[in-house]
């Protein structure tokens, strides 16, 4: 059965709230989910890469994980440097389209996820 994962949804760890969904990473060939990027914190915060295998359940407003908040904090953080790194995944940011700013290319966006792929 397919599950809906909505950008901005609450992420619930086994021991409490872990953050919210900020990105998803799909396999470009199979279009299956590889990773979620979970945003923690209010101002600036941290974004952690969570493998799809850590998802217990998902609904329109909550994604439940099989890991604790401490385990979430220990996961790799999203690399936001835009350094060129090999990557084959696509990423879809949750931010609303910016009317006057150019969007990064899929290659630039995928490079941000280098930490997820290591």
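The values are calculated or read from the model by the stated rules, or taken from the named source; none is laboratory data. On a predicted model such as this, the values are computed, not experimentally measured, just so you know. With ideal geometry, Cβ positions are generated from the backbone for all residues, glycine too; neighbour counts draw on all protein chains shown.
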If you check every pair at least six apart or on different chains, which have Cβ atoms under 8 Å apart with a residue in region 50-64 that is over 17 Å from residue 16 (Cα atoms) first and a residue that is assigned to a strand (DSSP E or B) second?
51/34; 51/35; 52/33; 52/34; 52/35; 52/36
What number of residues within region 73-100 are surrounded by 12 or more Cβ atoms within 10 Å (Cβ to Cβ), modelled with pLDDT of 85 or more and not in a loop (DSSP other than H, G, I, E, B)?
2
By residue number, the members of region 61-72 that are surrounded by 17 or more Cβ atoms within 10 Å (Cβ to Cβ) and assigned to a strand (DSSP E or B) are 63, 65
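Tally the residues that are crowded, with 16+ Cβ neighbours inside 10 Å and assigned to a strand (DSSP E or B), restricting the search to region 11-60. Spell out how you get there, then give the answer.
The first filter runs over region 11-60 and keeps only residues crowded, with 16+ Cβ neighbours inside 10 Å, leaving 11-13, 18-26, 33-40, 47-50, 54-55, 58.
Next cut, assigned to a strand (DSSP E or B) only: 11-13, 18-26, 33-40, 47-50, 55, 58.
Looking only at that region, the number is 26.
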